[in-house]
Amino acid sequence: MSRKRQKQQSGWVLVFLFIMLFLAVAYVLFNRQEQSAPVPAGEGGLEVHFIDVGQADAALVICDGHYMLIDGGNAEDSDLVYAYLERHGANHLDYMVASHAHEDHIGGLSGALNYAKVDTALCPVTEYNSKVFQNLVKYLEGQGKSLTVPEPGDRFELGSAQVEILGPVQEYDDTNDTSIVLRIDYGETSFLFTGDMETGAEGDLLDSGADVRATVLKAGHHGSDTSTGYRFLREVSPRYTVISVGEGNKYGHPSDEVLSRFRDAGTEVYRTDMQGHIIAESDGKTVTFRTEKEADTATNPTGNSTLQTYIGNASSKKFHLPDCTSAKNIQEDKQVVFYSRLQAVLEDYEPCGRCKP
Ligand SMILES: [Zn+2]
Ligand SMILES: [Zn+2]
């Protein structure tokens, strides 16, 4: 063999060794990545749209062209929900979840059913004595469907996202506590929906051993202090919390107490009353947020607890603390919200004798 030929041959051996080494390194790296990051196939990402329906709940979940609607706002939000689904091409819902029978969660679902065909409609009950509930059943019947009551432990897929039903784990008399609790998993990220479940049922859920940990929490019951107790919040330990709530609502939601719990938990707060529609996007590893407006507004600043609103009654010219029973009984169109006591007094309103604001 000539020297030249020998040299050429050993060159080829080197190239071959290099290729083998490269393949081995690539194989190790690829497998390691696969183990540490279970990013779902499809790569379309997961979008959760918290639709601004005022003092109510509605969220559209989109994954790989599959859609799930969780609640639909009040009956008066039907047109808004219809338009929102239309804008996002959601003419087919794989799942519709009516978290519980209250109007601010199921009222607008008829709007959704006017636009979209639904495969499976989940609800904790199949009967409830209200006009909006009967409407929901009627609209479903129009599509040849009926309500399905899910069980804790039920799982299903929405594209490459997984959904697990966690609750309710018991039967309850209080409609809020009957709320369907579900967790959506997408890669390493997760979203927890609890409807209007209150702290008692939160405790029962934790006692059942449910895995409630989540990257994003939809705050229970519009930020009412009857939900999202410290124990529950600690177990969920959400990086982000979204409050679906109406501006100047008569219930005083979100409560200062809950906002302070969120500050203690160090969770970043988004609010539909301040920011409009809120869209959370997950790539399986991280969640990023887009808001319709006020992206950088201080949604939960310290010292916010001194901000007190007052509710006036335009007929009686009396004003109340938001949690006064008289305030809660004021007709919607007679409500006036004041952001200070002085403002109420200057507008010739008299303090209520019962709550003494
Ligand atoms: Zn409710
Ligand atoms: Zn509600």
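Observations
- Pairs from Lys117/Lys250; Lys293/Lys317; Lys218/Lys328; Lys218/Lys250; Lys218/Lys285; Lys218/Lys317 whose Cα-Cα separation, in the structure shown, is over 26 Å: Lys117/Lys250; Lys293/Lys317; Lys218/Lys317
- Residues whose amide H lies under 5 Å from that of Thr148, counting only those 5 or more places away or on a different chain, are Ala121, Leu122, Cys123; hydrogens are built 1.01 Å from N in the peptide plane.
- Ascending count of other beta-carbon atoms within 10 Å, so fewest first, for Ser326, Ser316, Ser282: Ser316, Ser326, Ser282
- Within region 198-222: backbone nitrogen closer than 11 Å to the Glu257 label point (7 Å, Cα to C-beta): 199
- For the options Gln275, Gln170, Gln331, a Gaussian network treatment of the chain with springs between C-alpha atoms closer than 10 Å singles out Gln331 as fluctuating the most.
- Volume per residue for region 308-351 equals 58 cubic angstrom (convex hull of Cα atoms).
- Each 10 Å bin from 0 upward holds the following percent of the Cα-Cα pairs of region 49-145: 19, 58, 22, 1.
- Three-way shape call for region 243-337 based on the alpha-carbon gyration tensor, with the a/c threshold at 1.5: prolate
- Amide H within-cut-off set for Lys318, under 5 Å, with H built and near neighbours excluded: Asn313, Glu350
- Whole-angstrom gap from region 192-208 to region 212-240, using each part's C-alpha centre: 9 Å
- Overall form of region 46-304 per C-alpha gyration tensor (a/c, 1.5; a/b vs b/c): rounded
- Residues of region 66-98 with an amide N closer than 18 Å to a point placed 7 Å from the Cα of Thr309 along the Cα-to-Cβ direction: 74.
- Segment Gln162-Met20, extension gain: residue separation times 0.36 nm, minus the distance between their alpha carbons: 47.3 nm
- Shape call, region 187-282: gyration tensor on alpha carbons, a/c limit 1.5: oblate
- Top of Ser340, Ser260, Ser179 by mean-square fluctuation, Gaussian network on the chain, Cα under 10 Å: Ser340
- Length available on full extension from Asp79 to Lys138: 0.36 nm per residue minus the Cα-Cα distance, which gives 19.5 nm.
- Calculated FRET efficiency, Asn91 to Gln9, Cβ-Cβ distance, R0 = 56 Å: about 0.30 to the nearest 0.05.
- Rounded to the nearest Hz, the phi-derived 3J(HN,Hα) couplings of region 275-283 under the Karplus curve 6.51 cos²θ - 1.76 cosθ + 1.60 (θ = phi - 60°) are 10, x, 5, 10, 10, 9, 10, 10, 9, where x marks glycine and proline.
- Modelled spin labels at Glu347 and Glu171, positioned 7 Å past Cα toward Cβ, are 4.7 nm from each other.
- Computed FRET value (nearest 0.05) for Glu268 with Lys131, which takes r as the C-beta separation and R₀ as 41 Å: 0.60
Bear in mind these aren't lab numbers, they're just calculated from the coordinates by the rules spelled out. Note that this is a predicted model, so its numbers are computed, not measured. Using ideal geometry, Cβ is built from the backbone for each residue, glycine included, and neighbour counts are taken over all protein chains shown.
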